[in-house]
Every structure is written in structure tokens, then in C-alpha cells.
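As C-alpha cells, the structure follows; a few thoughts come after it.
The values are calculated or read from the model by the stated rules, or taken from the named source; none is laboratory data. None of the values given here were measured: they were computed from a predicted structure. Cβ coordinates were reconstructed from backbone atoms using ideal geometry, including for glycine residues, and neighbour counts include every protein chain displayed.
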Amino acid sequence: MKKRGVIFDLNGSLDNTDQSIIKAFQSTLEKHLPGRDTDLRRFAEELMVFFWQADKLADLKYPQWNMADIIERAVSRWSHFRRVNMDVQQFAKDYGLIRKECLTIRPEFVVLIKEMPRSVLKFIFSQGNSKRDVLVLLDKVSLAESDFTEILVTGSFHEENKPSINILKSIMDKYSLDPAGCLLVGDDVFLDIMPAKILGMKTILISEYVDVLAAGASEACAQAAALLGR
Ligand SMILES: [Mg+2]
């Protein structure tokens, strides 16, 4: 029988990155903006957008920024936008601690991974995490390195970052896998799905933000007309 493999993106796919960001921002806002409880969920979601913006900026322009720098940048821009006064450094510190607690592997995937036959090769492909971070996260849900064929972090590919055809191809070559027998689970079309699809893998996009997924312009037009009630 042909070998099969599944490659999981970590952040936002296998783990609950966005939910933990929102939860952590919300809890930190409760402490820093007492008495504003009605807006806090919306504020936390807004802060997450500012966070991803700062994270992208760090990737592109400020590689020396660490996570605290990114959070401080996001919070200071958001508080300026919302005209609220906050101790940005303390906010970033409090946020970091809570986010660590909230971050976990999604329970549905824990079950899937534990129940999947051993003959299916399982990989985690992560960008921006150390191998140690990944193992700590797995340990939280009683998964271990031995539950996977290999855990790949982009640092081990001489700084080659996603999106990457090379990294996926190197997995296929190393384990003699045929792309048609492989599945990639990701939450980002360009970073995860596009290179996998181009190589001929099956793909699953996981997203809580999409109401309708359209395969092309005609479908998008039909769905838009249906959604807008025309
Ligand atoms: Mg991701």
C-alpha cells in the first residue's frame, strides 16, 4: 500500500493561536481598563488585528523585535487609535503570561492524532516556534514527539520560511512520500495551502473567519448575489 502522510501547520491550525490571543487580550484589558467590560471582547479582537500587523512588520522590517516588542507596538498603536491610556509595558508583560496559559492544541486534533493509524506519517511544520515550544505545547495535551514522524521548525531549514515548496519537497523525499498521498492542514492560503497544492497534495484550510469559500470568480459572484439577497 502507498505510504500516506499528514502535515499539520502548528499556529492557528493545530493550536488555538487566535483564540488564545483574544482571550489573553480580553483578560489583560479587564485588568487595565476596569469598568469597561461591555467593549472588552471587541477591543480584544481589534487588538489581535493590531498584533498581526505588528507581527508582519517584525517579519519584514524589524527581525530584532521579540514578542514583547511586537505586543508593545500593537498595544500602543491600538490605545492611540482608541484614545485610551495604558501602561503599555506592563500590559505586554501581563498579556504574555496569560497567552502562554491559554495556548493549547485543539482537542479535536488531539483525538485525531491519537486515533490515526501508525502507518500514516504525521508531521508538524511550524514557523516562529522553537522545537522546545512545540514540545511544551504537546505535553499539555499528553502528546509527545514520538506521536509524530518528525516535528519541523523553520530554523532547521537554514532560515527558509513559509511559503516553501523546498521544505515540503524535502519531507516527501526524505520519507519517500508521494504528494498525492499527503494531506496538509493549514490556516493560511499562501503560507500553507498554496505550496502544498502546487506540489499535488490534498489540502484542508481551517478558518473561523470565512462565511463562504468560493473556488473562483463565478462562484464568488453567485455566492455574493445570494448573500446580498439579489
Ligand atoms: Mg498557521
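Have a look at L143, L184 and point out the one that is within 16 Å of the ligand (Cβ to nearest atom) and either of a type in the set (D, E) or within 24 Å of R106 (Cα to Cα) (or both). I'd like the intermediate steps shown before the answer.
On the way: L143 fails: within 16 Å of the ligand (Cβ to nearest atom).
Answer to the selection: L184.
Just checking, does region 166-186 include any residue being in a helix (DSSP H, G or I), among the polar types (S, T, N, Q) and either free of Cβ contacts under 8 Å to residues at least 40 places away in the same chain or surrounded by fewer than 16 Cβ atoms within 10 Å (Cβ to Cβ) (or both)?
Residues of region 166-186 in a helix (DSSP H, G or I): 166-174, 179-181.
Going one step further and asking which of them are among the polar types (S, T, N, Q), we end up with 166, 170.
Filter again for either free of Cβ contacts under 8 Å to residues at least 40 places away in the same chain or surrounded by fewer than 16 Cβ atoms within 10 Å (Cβ to Cβ) (or both), leaving 166, 170.
Yes - at least one qualifying residue is present in region 166-186.
Considering only residues that are away from the ligand (no atom under 12 Å from the Cβ) and either among the hydroxyl-bearing types (S, T, Y) or over 18 Å from Q127 (Cα atoms) (or both), which ones fall in region 7-29?
Across region 7-29, the qualifying residues are Q19, S20, I22, K23, A24, F25, Q26, S27, T28, L29.
Please go through region 187-200 and pick out each residue that is in a helix (DSSP H, G or I) and within 14 Å of the ligand (Cβ to nearest atom).
Hits for region 187-200 are V189, F190, L191, D192, I193, M194, P195, A196.
One residue is enough: does region 180-197 have a residue meeting the conditions modelled with pLDDT of 95 or more and among the basic types (K, R)?
There is at least one residue in region 180-197 that is modelled with pLDDT of 95 or more and among the basic types (K, R).
Please determine whether any residue of region 124-135 is at pLDDT below 95 and among the acidic types (D, E).
So far as region 124-135 goes, yes, one or more of its residues are at pLDDT below 95 and among the acidic types (D, E).
Pick from region 1-21 the residues that are of a type in the set (A, V, I, L, M, F, W, C) and outside any strand (DSSP E or B): which of them is nearest to the chain's Cα centre (by Cα)? Explain how you work it out, then say what you get.
The first filter runs over region 1-21 and keeps only residues of a type in the set (A, V, I, L, M, F, W, C), leaving 1, 6-8, 10, 14, 21.
Subsequent filtering for residues that are outside any strand (DSSP E or B) retains 1, 10, 14, 21.
On the way: M1: 33, L10: 6, L14: 8, I21: 11 Å.
Residue satisfying both the conditions and the ranking: L10.
If you check M48 against the conditions, is it within 16 Å of the ligand (Cβ to nearest atom), free of Cβ contacts under 8 Å to residues at least 60 places away in the same chain and over 30 Å from E150 (Cβ atoms)? First the steps, then the outcome.
Numbers: within 16 Å of the ligand (Cβ to nearest atom): yes; free of Cβ contacts under 8 Å to residues at least 60 places away in the same chain: yes; over 30 Å from E150 (Cβ atoms): yes.
Here the answer is yes, as M48 does meet what is asked.
Condition check: surrounded by fewer than 18 Cβ atoms within 10 Å (Cβ to Cβ) and of a type in the set (S, T, Y). Does S130 satisfy that? Break it down into steps so the answer makes sense when it comes.
Values: surrounded by fewer than 18 Cβ atoms within 10 Å (Cβ to Cβ): yes; of a type in the set (S, T, Y): yes.
Yes; evaluated as a whole, the condition is true for this residue.
For region 73-146, give me every one of the helices (runs of 4 or more DSSP H) that falls completely inside it and has 3 or more residues that are closer than 24 Å to R42 by Cβ and not assigned by TED's automatic domain parsing to the domain that holds L191.
On the way: elements: 88-102, 107-115, 131-140.
Per the criteria, 88-102.
Hey, T203 hits all of (1) in a loop (DSSP other than H, G, I, E, B); (2) within 18 Å of L14 (Cβ to Cβ) but one; which does it fall short on?
Of the numbered conditions (1) in a loop (DSSP other than H, G, I, E, B); (2) within 18 Å of L14 (Cβ to Cβ), the odd one out for T203 is (1).
Looking at T28, T38, which is the one that is of a type outside the set (K, R), in a helix (DSSP H, G or I) and loosely packed, with under 14 Cβ neighbours inside 10 Å? First the steps, then the outcome.
On the way: T28 fails: loosely packed, with under 14 Cβ neighbours inside 10 Å.
The match here is T38.
In region 60-72, what residues are surrounded by 14 or more Cβ atoms within 10 Å (Cβ to Cβ), free of Cβ contacts under 8 Å to residues at least 12 places away in the same chain and part of a helix (DSSP H, G or I)?
Across region 60-72, the qualifying residue is only D69.
In this structure, is F125 touching a residue at least 40 places away in the same chain (Cβ under 8 Å), crowded, with 18+ Cβ neighbours inside 10 Å and closer than 17 Å to F8 by Cβ?
Numbers: touching a residue at least 40 places away in the same chain (Cβ under 8 Å): yes; crowded, with 18+ Cβ neighbours inside 10 Å: yes; closer than 17 Å to F8 by Cβ: yes.
Yes; evaluated as a whole, the condition is true for this residue.
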